[in-house]
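Chemist: Next up is a structure, given as structure tokens.
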Amino acid sequence: MKKYLFSLFFISFCFCSYAESGYDLWLRYKFIENPVIKQRYLSELKHLVVLNNSATLKAAYQELNIGIHGMLGLNLKRESSVTKGGSLVIGTESAMDVGTEGYKITSIQIHNKNCIRISGNTDVGVLYGVYHFLRLMQTQQDIRNLKLREQPKIKLRVLNHWDNLNGTIERGYAGYTIWDWQRLPGYLDQRYTDYARANASIGINGTVLNNVNASAKSLTREYLIKAAALADVFRPYGIKVYLTARFSAPIEIGGLKTADPLDAAVIKWWRDKADEIYQYIPDFGGFLVKANSEGQPGPQDYKRTHADGANLLADALAPHGGVVMWRAFVYENIKGEDRSKQAYTEFKKLDGMFKKNVLLQPKNGPIDFQPREPFHPLFGAMPKTQLMMEFQITQEYLGFATHLVYLAPLFKETLTSDTYAAGKGTTVAKIVEGTQEQHQLSGIAGVANIGSDLNWTGHPFAQANWYAFGRLAWNSDQSSASIAIDWLKMTFTLDRSFIAPTLQYMLNSRQNTVKYMMPLGLNHIMNLGTHYGPGPWDKIPGWNAHDYHQADAIGIGVDRTSMGSNAVSQYFPSVAQRFNDLKTCPSDFLLWFHHVPWNYKMPSGRILWEELVHEYYSGVDSVQKMQRTWDQLSGKIDQERFGQIKQLLAEQEREAAWWRDGSVLYFQSFSKGAIPSGLKPPSKTLKHYQSIPFPDRTEE
Ligand code: BDP
């Protein structure tokens, strides 16, 4: 018992010792100063009854203890039955209508005593309920007369870590990997538990530990044992471990001559490998695979299809209940075809050919995590295939960990898009949830923004993107604002005079960033090497930014209409027609689908050239406004994070102006238009902006 209490103390000490460094994320459990609320909570929470015994309920109990101790200064002993009023009772019940991960939080009379009961069919459901309850307290909600019922809409809610075995992270901007491969399995960093707590608190139930550009080494015994140690830490928190599988692993670590998916020795190799993995990790989630994409090996190397490749792995995992998440991010295979069309061309014809334990994972849009993309046309186009969503939480194309960009509006924009696949209202969310076609499996993945930085994500506000991804993966009906409010209250303060302005600029931040980077549907015009800073002029072997904007003396944008590449035809007719017609195409996607004359009259009354310039300028203005607002918030939160954010906003402003001035001058060299009156022309020449060196910390 003593040892137990000590470890509890140790956990809470570790999690809270860095005052306001950001390490505590949204699980700060700040002491409640308001005497009325505190008193009310104290009267409701006198006893803590834990009905079942399991590692997960132990974790739930520990979390309640950390939380209640932090917020109320109270240490509640673990009791096993209700004897008094004011008991918080946690435990499973049978046959509840909340599925395997859902829960209920109810104010209820037990043996004539007033209690709050958190229950689910499974321990992990109860754990999720506990985190919800703690959120109610952290945001100081009324905990009387509770009648809450929650159940996730998507089954697999997964983080994708693009972490390499050497410690670097592809497109990671918050330091190095948190997986200490060298010291695993012997040394279990406290961070692993805190990582699991944070994820469980938002309902994440899976993590892919390594990069999609995979090393076969991660499937060797040496690394499987290390991964198993992480799985052991995560298991009580309901988180399954997955690994990326390099398609050529049978050759590289198996000594075979081929990785042909139809070869008997290859089939056996993967079966044996799966059997081996499950010996170490009995609840292993499965494989994530990037194949025949950007130089990665795959089934097409042997003239086989993506379905042949995915099914090979699916068969190996099936006896153990594992799944294959097969990525649909492919291009360049069909030379000369518009890149935005290639994944659809490749995969649509394979609909219905994947095994039951395969999920096909396209990115949210058809190109590559750009600041704004229309939804991927594969959503809706493959009704017989379980389609899983891949979002990018790490801000590869949205200012790394320097720019404040709240991504919930981006995630929601995609999920609420109507595909019209089965008529009006067939949203991307419905397809991803699997309800549209009654699929067995459903999934959503987010490329993680987590690293070894003290605050996990580099920018303090980037934590909100991890948080929002989890909350939306659970239920995408929630609004970006309500999620941001919860996050702000738990992460910073409940002070309304802080929340109101901060919320406003969080909600506007993504659109503002689109404006100063790639307005009106522009995309892929960043520096092509680093993916940071403007590069509409950029050209490197194999890439030319011009292909993506096609600016010339007449206009700008890529013609993807029926007169051009006809990418619009990959959408269902109502959507295709809307995008195809210049008049009905939303201005957010104008230059994505159309090559538009510079003097085209926009709905605002301005001509396109002037509209474009205005977008760039108003994007930068908004960052300046954010800075001014932030300055006025001094003193409302801790100095550490206030100061960090102030500095980051200054960087963001500098870089937003770089984007604006470089892009506007470059596009001006085609449009020959003047900078509209009232806007201050860039102070330097285009050459100057083109020669600004890019930050060193890149993957190239
Ligand atoms: C691109 C990234 C690259 C990734 C690739 C992918 O630049 O580093 O490997 O996506 O998703 O956006 O596979």
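The values are calculated or read from the model by the stated rules, or taken from the named source; none is laboratory data. Quantities reported herein were computed from a predicted structural model and do not represent experimental measurements. No Cβ is skipped: glycine too gets one built from the backbone with ideal geometry, and neighbour counts run over all protein chains shown. Note: areas computed on protein heavy atoms with side chains; ligands, DNA, RNA excluded. Shrake-Rupley method; radii C 1.70, N 1.55, O 1.52, S 1.80 Å.
Chemist: Among the residues of segment 83-104, are any over 29 Å from residue 494 (Cα atoms) and outside any loop (DSSP other than H, G, I, E, B)?
Modeler: Here is the first cut: in segment 83-104, the ones over 29 Å from residue 494 (Cα atoms) are 83-85, 91-101.
Checking the rest, the ones that are also outside any loop (DSSP other than H, G, I, E, B) come to 91-92.
The answer is yes; a qualifying residue exists.
Chemist: Being over 25 Å from the mean Cα position of the chain (by Cα) and within 16 Å of the ligand (Cβ to nearest atom) is the filter; apply it to segment 310-333 and report the residue that is farthest from residue 257 (Cα to Cα).
Modeler: Looking at residues that are over 25 Å from the mean Cα position of the chain (by Cα) and within 16 Å of the ligand (Cβ to nearest atom), I get 332.
Chemist: Moving to a separate point now. Quick check: anything in segment 401-420 farther than 15 Å from residue 467 by Cα and basic (Lys, Arg)?
Modeler: Within segment 401-420, none of the residues are farther than 15 Å from residue 467 by Cα and basic (Lys, Arg).
Chemist: Which fully enclosed strands (runs of 3 or more DSSP E) of segment 139-208 have 1 or more residues being touching a residue at least 24 places away in the same chain (Cβ under 8 Å) and farther than 30 Å from residue 113 by Cα?
Modeler: Values: elements: 147-150, 156-160, 206-208.
Those strands (runs of 3 or more DSSP E) span 156-160, 206-208.
Chemist: Go through (1) in a loop (DSSP other than H, G, I, E, B); (2) crowded, with 21+ Cβ neighbours inside 10 Å one by one and return the number of the condition residue 304 breaks.
Modeler: In the conditions (1) in a loop (DSSP other than H, G, I, E, B); (2) crowded, with 21+ Cβ neighbours inside 10 Å, residue 304 misses (2) alone.
Chemist: Something else now. Return a yes/no flag: does segment 181-191 have any residue that is surrounded by fewer than 24 Cβ atoms within 10 Å (Cβ to Cβ), out of contact with any Pro (no Cβ under 9 Å at 6 or more places or on another chain) and of a type in the set (Ser, Thr, Tyr).
Modeler: Yes, that holds for at least one residue.
Chemist: In addition: Kindly indicate whether residue 265 is touching a Leu at 6+ places or on another chain (Cβ under 8 Å) and open to solvent by 30 Å² or more (accessible area, probe 1.4 Å).
Modeler: So residue 265 passes the test.
Chemist: When the residues of segment 410-419 are filtered to those that are under 12 Å from the mean Cα position of the chain (by Cα) and away from the ligand (no atom under 16 Å from the Cβ), which remaining residue is surrounded by the fewest Cβ atoms within 10 Å (Cβ to Cβ)?
Modeler: Within segment 410-419, the match that is surrounded by the fewest Cβ atoms within 10 Å (Cβ to Cβ) is 412.
Chemist: Residue 296 versus (1) within 16 Å of the ligand (Cβ to nearest atom); (2) on the phi > 0 side of the Ramachandran plot; (3) not aromatic (Phe, Trp, Tyr): which is the lone unmet condition?
Modeler: Of the numbered conditions (1) within 16 Å of the ligand (Cβ to nearest atom); (2) on the phi > 0 side of the Ramachandran plot; (3) not aromatic (Phe, Trp, Tyr), the odd one out for residue 296 is (2).
Chemist: Moving on to the next point. Among the listed residues 43, 21, 12, identify the single one that is in a loop (DSSP other than H, G, I, E, B) and either surrounded by 13 or more Cβ atoms within 10 Å (Cβ to Cβ) or modelled with pLDDT of 50 or more (or both).
Modeler: Only one candidate qualifies: 21.
Chemist: Which one of these is acidic (Asp, Glu) and assigned by TED's automatic domain parsing to the domain that holds residue 661: 495, 538?
Modeler: Answer to the check: 538.
Conditions tested, residue by residue: (1) more than 13 Å from the ligand (Cβ to nearest atom); (2) open to solvent by 10 Å² or more (accessible area, probe 1.4 Å).
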| site | (1), (2) |
| --- | --- |
| 346 | yes, yes |
| 349 | yes, yes |
| 361 | no, no |
| 370 | no, no |
| 382 | yes, no |
| 388 | yes, no |
| 394 | no, no |
| 403 | yes, no |
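Chemist: Name the single residue, out of those in segment 215-227 being open to solvent by 10 Å² or more (accessible area, probe 1.4 Å) and not β-branched (Val, Ile, Thr), that is nearest to the ligand (Cβ to nearest atom).
Modeler: Ranking the candidates gives 215 first.
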